[in-house]
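The values are calculated or read from the model by the stated rules, or taken from the named source; none is laboratory data. These numbers were taken from a predicted model, which means no experiment stands behind them. Backbone-built Cβ (ideal geometry, glycine too); neighbour counts: all protein chains shown. Keep in mind that these areas ignore ligands, DNA and RNA; they rest on the heavy atoms of the full protein, side chains included. Shrake-Rupley method; radii C 1.70, N 1.55, O 1.52, S 1.80 Å.
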Amino acid sequence: MSETLAAGATTVPRTPWYRSMFTQLLIAVVAGIVVGKFWPWLGTDLKPLGDGFIKLIKMVIAPIVFCTVVLGIAHVGNLKSVGRIGVKALIYFEVVTTFALLFGLLVGNLVKPGAGFHIDAQTLATGADQIAKTTQKAELPHTVDFLLNIIPTSLVSAFAENKLLQVLFVSVLFGLALAKFGENGPPVVLEAIDHVSRILFIVIGWIMRLSPLGAFGAMAYIIGQYGLKALGTYGKLIACCYGAALLFILVLAAITRIFAGASLWKFLRYIKDELFVALGTASTEVVLPRIMTKLVDAGCSRATTGLVVPTGYSFNLDGATLYLAICVLFLAQALGVDLSVGEQVTALAALMLTSKGMAGVPGSSFLALSATVSAIGHGSIPVAAVAILLGADRLMDSMRVTVNLLGNCVATLVVARWEGQLDSDRLARVLDGKPVEPLDDPDPMADRARV
């Protein structure tokens, strides 16, 4: 092993600090805050920079997910193995997101972030109109509709509409069909998909070089549009949510250590560039291709990574569920309502369902909260009360993005080890920054990955 490693691995030279993506992103985020603070009109006008970068990434997400999943499943060639990965992933998602909801309710009851607001329900008459405008009158799908929507209208529509679960569904079927066709699928087809995958990652490499510009525009817009003064108005709620997120990350660290045999802190250092891109743009989708590549490079199988990560973007929103649980209690406390244990259990059950259909729906957090408030059925908490959070919701993006991203990475590591598809030795070496044997399909951005 050591001889092979010495022959096949190379030590990646350290990138100069000024060329490090982490440094560039840090400077871009700080610059965005400064511009948004002192020139808010300019910060608001810079929104297209962030939007353009996000659109560039989303442009290639669907084909990358397709190639990764198809190649992974075709090489596994075992329907039972694919089924086990899916079932184990869903079990993990349900356990951890339920814990996140319970944890959020516990923190909300102890900290009481809404105490002292003294909101008069009579002043919320226009709240429903504000929520409708924010959500573009969208609705969260019912459970049956959500499950049926996983099946695309056509093979083309899944990619054209960029719906990850539909793309994943098509990819799994295509990969299984290739595996069934031959031991490893038709060589010509697999080779063609592999070449397309490499080309797409080269494109991602080019796009990622624009990430500091995208982070700068997105951060300037957020501060310019909402201002730093909102931090004072919603200070207790913000502190409560971010404090809960930090504690929950400690839970994720324990899960990573116990069930994946790895250090979450070392993993954070490994994905610091992707984390900063996600924080700067307030989106986890923009780093999905790079996160999948890094997880595979760190020892997770292609099949596990390709199935768990895209599915987790809909079923494993740990940060969002944590935030929603706290906000339910915040709204009740702000209106002077003391929710009973039974009402909180009802809220928990409602959030377990509504949080699964949030991905891709405009203003999904407001829709989930509105549905939960309706389910509680407490007359003193009007649905329009959700409008109280309009000034704070965008400030919570960094918390939700961080926990969502880490939660999906931890899920992939845990499920991969659970299924016996995690190379623990490779993972340890990668996280320690040591050289490893190059994969058959090396990451085209590897020279920028470990800095």
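What do you reckon, how do VAL296, VAL156, VAL386 stack up by accessible area (1.4 Å probe), largest on top?
On the way: VAL296 25, VAL156 105, VAL386 0 Å².
These residues rank, largest area first, as VAL156, VAL296, VAL386.
Between the DSSP loop rule and a limit of at most 16 other Cβ atoms within 10 Å, which trypsin sites (Lys or Arg not before Pro) in segment 23-70 are left?
Values: sites: LYS37, LYS55, LYS58; in loops: none.
Passing sites in segment 23-70 do not exist.
Would you check the accessible area of ASP432, probe 1.4 Å, heavy atoms only, in square angstrom rounded to 10?
Spelled out: ASP432, probe radius 1.4 Å, area about 70 Å².
Convert each backbone phi in segment 103-108 into a coupling constant with the Karplus relation 6.51 cos²θ - 1.76 cosθ + 1.60 (shift: θ = phi - 60°), then list the ³J(HN,Hα) values in order as whole Hz, x for Gly and Pro.
5, x, 5, 4, 5, x
When only the heavy atoms of the protein chains count and the probe is 1.4 Å, how do VAL251, VAL341, VAL373 rank by accessible area, highest first? List each step's numbers first, then the result.
On the way: VAL251 40, VAL341 115, VAL373 10 Å².
Highest to lowest solvent-accessible surface, that is VAL341, VAL251, VAL373.
Nearest 0.05, what FRET efficiency do HIS195 and ALA375 give at R0 = 30 Å with Cβ-Cβ as r?
0.05
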